[in-house]
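Asks: Take a look at the following structure, please.
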Amino acid sequence: MAVKILLAMALTTTAALATLSIVAAQAAAREFQGYMLRGGESGSGALVDLLTAYYQDRGSWDGAQRLLGAPGDHMGMMGGGMTGRGIVLLDASGVAVAGPRASLGQAFGSGQRAGAVPVVIDGATVGFIVPGPVGASPAEQEFLGRVRQALWMAAIVSGSLAVVLGGLLAGSILRPIRDLTSAARAIAGGDLTRRVAKRSRDELGELSLSFNQMASSLERAEHLRREMTADVAHELRTPLAVMRARLEGIADGVYPASRDSMQSVLDQTLVLNRLVDDLGTLALTDARQLRLDRTPTDLRALATRVIEGHAAQAASQAVSLQLESSAQDLIVEADPIRLEQLLGNLLANAVRYARPAGEVIVRLSELDAGWVEIRVMDDGEGIPQEALPFVFERFYRADRSRARAEGGTGLGLAIARNLVELHGGQIEAGNRPQGGAELRVRLPRAASATAR
């Protein structure tokens, strides 16, 4: 790539300098011709003065050919040679009246008179002196040769300097690309800790920043994958160990093959079944492949059903469940089954952490701009401040031993977050000022309800 950049810069520079040299040489030739016509060789405008005096004396250009006679013409008043340089005299209308015989009577357009020197008398242009071909005289040839030599030397020096600077520039451009290539290979080889330095604020710098963000995301995803594998193995190991110990005890005659002995095994199978179901739901929501059957759903009626379904669990802990609603008609566009699962997870979590003989409150309210809010509050110990950023992570528990003993899988809030996001809502966790945890869910209202 460096060779391609250098070749591209060298070709571009060469073409630009060559074009500049040609244009500059032509411009120098035109200016030199004008200089010569204005008397550059003798230090005076001899030809212009002579032609001006001739027109003032005659009042026309009749006989002007004698002034520009070709070499050997006995009538040439300029010493024989001006027409040898190809000089042509035009009248005011642009018709050749003197000069090389082949040009006499020829009309010169404005483009052909671009480098001509006007002959002006009393403010009026009475004729034009058109220069001949460049290099017709030895002086011109010597001068223009020196000009061309200087231009080509300048082009060579400038081109060499451009190639050197281009090489340095190519190196500075390719250095971050090489770093990115090396880091990409390292990540492909499994080193997810590799990062690249951001060397500039241009597009390459932004690319380096995006690469580092991608690498951080991959590292975090790999870390979560390993943690989840370890957590799943740990969660499966506990009920399986209990089941194995109970069944081995029954087989060895330590425990009788009674209903009570089998019930403990059945309880552990229920734990395993719940864990497998939660893992399946979490996988579907993570992949955004969970199908939602959205319909206008009465949020108050749905919350009432969920509270009734958890009444037995709450009663076993002497926890009271209360439903508060600021409006009777709270309609959301949602999948009622998944919304019931969402609220059930939040309510089960609140009952689990409420203090004995405490209370759990489910509060429904209507917010501005077409949003509905669900708050699930308990009066327990609350969520430790350092745990708040992680409560929606899978298998995360602020109190691991307590949650496992009470049957939690550690996936309920992670599933709740995914379900809320699938419905286009928001969820956050916090603590109540009077003590206890508070989970807030915001869902968009149904379009028909918003219109009303």
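The values are calculated or read from the model by the stated rules, or taken from the named source; none is laboratory data. On a predicted model such as this, the values are computed, not experimentally measured, just so you know. Cβ: placed from backbone, ideal geometry, glycine included. Neighbour counts: every protein chain shown.
Asks: Which one of ARG402, ARG338 is closer than 22 Å to VAL276 by Cα and either modelled with pLDDT of 95 or more or more than 46 Å from the chain's Cα centre (by Cα) (or both)?
Replies: ARG402
Asks: For segment 249-261, state whether one or more residues are of a type outside the set (S, T, N, Q), farther than 30 Å from ASP191 by Cβ, touching a helix residue (DSSP H, G or I) at 6+ places or on another chain (Cβ under 6 Å) and exposed (fewer than 13 other Cβ atoms within 10 Å of the Cβ).
Replies: yes
Asks: How about segment 329-381: which of its residues are in a loop (DSSP other than H, G, I, E, B) and of a type in the set (Lys, Arg)?
Replies: ARG355
Asks: Can you tell me which residue within segment 40-67, out of those that are charged (D, E, K, R) and either touching a strand residue (DSSP E or B) at 6+ places or on another chain (Cβ under 9 Å) or at pLDDT 85 or above (or both), is farthest from PRO118 (Cα to Cα)?
Replies: The extreme case among them is ARG66.
Asks: Which is surrounded by 15 or more Cβ atoms within 10 Å (Cβ to Cβ) and without any contact (Cβ under 8 Å) to a residue 12 or more places away in the chain, of ALA162, ALA170, ALA186, ALA150?
Replies: None of the others qualify; the one that does is ALA186.
Asks: Return the residue satisfying two criteria in turn: it lies in segment 229-275 and is of a type in the set (A, V, I, L, M, F, W, C) and in contact (Cβ under 8 Å) with a residue 40 or more places away in the chain, and of such residues it is nearest to PHE395 (Cα to Cα).
Replies: The extreme case among them is VAL232.
Asks: Just to check your reading of the model, which residue among SER200, SER216 is out of contact with any helix residue (DSSP H, G or I) (no Cβ under 6 Å at 6 or more places or on another chain) and assigned to a helix (DSSP H, G or I)?
Replies: SER216
Asks: Still on this model: Return the residues of segment 259-290 that are within 18 Å of LEU342 (Cβ to Cβ) and outside any loop (DSSP other than H, G, I, E, B); say none if nothing qualifies.
Replies: Residues satisfying the conditions are ARG274, ASP277, ASP278, LEU279, GLY280, THR281, LEU282, ALA283, LEU284, THR285, ASP286.
Asks: Another one. Taking the residues in segment 286-301 that are free of Cβ contacts under 8 Å to residues at least 24 places away in the same chain and among the aliphatic types (A, V, I, L, M) as candidates, determine which candidate is nearest to LEU413 (Cα to Cα).
Replies: ALA287
Asks: Looking for whichever is farther than 15 Å from ALA46 by Cα, in contact with a helix residue (DSSP H, G or I) (Cβ under 6 Å, 6 or more places away or on another chain) and either modelled with pLDDT of 65 or more or not acidic (Asp, Glu) (or both) here; the options are ALA70, ALA92. Which one fits?
Replies: Selected residue: ALA70, the only one of ALA70, ALA92 that is farther than 15 Å from ALA46 by Cα, in contact with a helix residue (DSSP H, G or I) (Cβ under 6 Å, 6 or more places away or on another chain) and either modelled with pLDDT of 65 or more or not acidic (Asp, Glu) (or both).
Asks: In this structure, does VAL196 turn out to be more than 30 Å from LEU20 (Cβ to Cβ), buried (at least 16 other Cβ atoms within 10 Å of the Cβ) and at pLDDT below 85?
Replies: Criteria not met by VAL196.
Residues are listed down the side, and each one gets a yes or a no for (1) more than 22 Å from the chain's Cα centre (by Cα); (2) more than 30 Å from ARG338 (Cβ to Cβ); (3) at pLDDT below 80:
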site: THR181; (1), (2), (3): no, yes, no
site: SER210; (1), (2), (3): no, yes, no
site: HIS223; (1), (2), (3): yes, no, no
site: MET243; (1), (2), (3): yes, yes, no
site: ALA257; (1), (2), (3): yes, yes, no
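Asks: A further question follows. Condition first: in contact with an Asp or Glu (Cβ under 6 Å, 6 or more places away or on another chain), over 15 Å from VAL376 (Cβ atoms), modelled with pLDDT under 85 and not small (Gly, Ala, Ser). Can you find one or more residues in segment 266-282 that meet it?
Replies: The answer is yes; a qualifying residue exists.
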